[in-house]
2 protein chains.
Amino acid sequence: VTIRRLAVVGTGLMGASVGLAAKRAGIEVVAGFDADRSALEAAVARGAVDVPAHVLADAVMDTDLVVVATPVGAVSEVTRAVAELVDERCAITDLGSTKRRICSELAGVAAFLGGHPMCGSETSGPERARADLFDDATWFLTPLPDSDPSRLEVVTTFAASLGARPLVVEPEAHDRLLALVSHLPHALANLLVAQVSEAEADRLDPLTLAGTSFRDLTRVAGANPGIWAGIFLDNRELLADALAELRGRMEDLEAALRAGDDGAVLSSIEEAAARRRQLAARERRDP
Amino acid sequence: VTIRRLAVVGTGLMGASVGLAAKRAGIEVVAGFDADRSALEAAVARGAVDVPAHVLADAVMDTDLVVVATPVGAVSEVTRAVAELVDERCAITDLGSTKRRICSELAGVAAFLGGHPMCGSETSGPERARADLFDDATWFLTPLPDSDPSRLEVVTTFAASLGARPLVVEPEAHDRLLALVSHLPHALANLLVAQVSEAEADRLDPLTLAGTSFRDLTRVAGANPGIWAGIFLDNRELLADALAELRGRMEDLEAALRAGDDGAVLSSIEEAAARRRQLAARERRDP
């Protein structure tokens, strides 16, 4: 399967980066559409879109693959519209950070196959798009049991050609994993920034004095509020479960601290140290 | 006040970095002592100590300033021992990450003045020492009401000569601030790593798939367990209070998520965004 013509629907940071990475991979034509005319023009200026279209139909006609790169709340509706317009063999995929709701809503759309490259950014907009955004990123593919195998192959090959590592998982497993390793840390960064900035105690300014480790930790806080609110709400049960589990762990640590239990405090840090070393070892083995 | 001869007691990462920064600042002689002979030899090899001493008395005699750079649990005892050995005009300071307990235990030691440069690292050992570790770091000084003003001036000038920004605060205000901007994020990093690594659900490996933002967030997890257990326990009430406050904020977010309350979820992210922008603006104004 060779992709000759690609369409990107939604040309923000992610969509425009798909365009740039596709050009780098040698795909001949990248058509693009965005309801926001200025985002489309910026993607053209950045070199991410060759053929800007002013209506959706012009962007997606005669394409081999359509990438829907809208916020998660719009993916299903846009994908349905695209499916009405494309040729019979065309594949449609998305980049949404949640997969259960989207894949279930689009279960009847034969051309669709859910996807999610894990390479977000605290920035946004086509101006910041990068051809190397997907290099070495895990690109989740979440087919349903009756998804079309040949389209799965198209999207898998496409993700790999953009430098990513395709990984097939079930939508539920995807959302459970992301709740833990992405949505939970992101939510914590937001809450920590709020807590620290409200504590203007003792005439010291905590945010200014916070130091680099706090800044690293909260780098993603407040990024792209509309996009992240959609992600949190899509994955609300699993995120709420992850928050509740972490609260339980925090309560255990609080109890150990209040009791002055050195052994429990030390062993909780040593456990984290051992886990962190495992992670570092895996990174070295499988970079 | 000119410091001609400095002694560093405890030549791990922090003590050896003080030695290197002091040499860079033009201090003539840096004497050093460490109960661990190999740490002392490594500090000499690194160029951080000119005069290694095999007993504490040899290191601290005839010095203008002694920097006690041990883990927080040993600072009071070591400082008392040093105070018995030094000349009448010598100043003694420490680098401990907590200040209330230490300053209260040492309230009767006239030569002592508490200090804490905020520039930790997830690494350790004199081999990793750096002359620029303190550049632009806030260096807290926590005198008590009856501390000696001339020694405060010595330590303030010394901290500034190492590239840091001295800031005088009360020990209680210091520990409250650090609970929030350092100990709380550090504890969260540990708990997150443990939670994620235990969730080997769905045959996916969460730690490997976690991606760079999670890795940034948990970079400090498990660093130097013995040192951090001491810090957490020294500051246990304030850290437990900070954890409890964050748990309350997490509960509010969970409730908003479970209720599907878009408005509350969005406004919590927008609040973090506004706070993060304030922080960025301050960094630009006051780099």
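Taking the protein heavy atoms of the stretch A:106-260 in the context of the full set of protein chains, the accessible area attributed to carbon and sulfur is 50 percent at 1.4 Å. The protection proxy used here, the mean number of other Cβ atoms lying within 10 Å of each residue, ranks peptides B:123-136, A:129-142 as follows, highest first: A:129-142, B:123-136. For peptide A:168-177, the mean count of partner chain Cβ atoms within 10 Å of a residue's Cβ comes to 3.
About its Cα centre, the protein assembly as shown has a charge dipole of approximately 1080 debye under the convention of +1 per Lys or Arg Cβ and -1 per Asp or Glu Cβ, with nothing else charged.
Peptide B:228-240 has a mean of 5 when you count, residue by residue, the C-beta atoms of other protein chains within 10 Å of its C-beta. Note that the protein assembly as shown presents 40 Å² accessible area per residue, ligands and nucleic acids not counted, probe 1.4 Å.
Calculated FRET efficiency, A:Asp148 to A:Glu28, Cβ-Cβ distance, R0 = 22 Å: about 0.40 to the nearest 0.05. The simple spin-label model puts a point 7 Å past each Cα toward its Cβ; for B:Glu127 and A:Glu127 those points are separated by 4.6 nm. Under a model in which nothing but the beta-carbon of Lys, Arg (+1) and Asp, Glu (-1) is charged, the stretch A:7-71 shows a dipole of about 260 debye around its Cα centre. Any idea what log10 I(q)/I(0) is at q = 0.09, 0.10 Å⁻¹ for chain A, Debye with uniform C-alpha scatterers and no solvent? Once normalised to I(0) and log-transformed, intensities are -0.50, -0.60. On association of chains B and A, roughly 7900 Å² of accessible area becomes buried (total for both chains; probe 1.4 Å). Per-residue ellipticity at 222 nm computed for chain A from its helices equals -16000 deg cm²/dmol, with DSSP H segments shorter than 4 residues left out and the rest contributing -39,500 (n - 2.57). What is the percent carbon and sulfur in the accessible area of the stretch B:1-90, measuring with a 1.4 Å probe over the protein chains and ignoring ligands? On the stretch B:1-90, the fraction of accessible area on carbon and sulfur atoms equals 50 percent. Convex hull of alpha carbon positions in the stretch A:181-253: directionally averaged projected area 5.8 nm².
In a simple Cβ point-charge model (Lys, Arg +1; Asp, Glu -1; nothing else charged), the stretch B:61-218 has a dipole of about 220 debye relative to its Cα centre.
The values are calculated or read from the model by the stated rules, or taken from the named source; none is laboratory data. As the structure is a prediction and not an experimental result, all values here were calculated from the model. Cβ coordinates were reconstructed from backbone atoms using ideal geometry, including for glycine residues, and neighbour counts include every protein chain displayed. All accessible areas refer to the heavy atoms of the entire protein, side chains included, with ligands and DNA or RNA removed. Shrake-Rupley method; radii C 1.70, N 1.55, O 1.52, S 1.80 Å.
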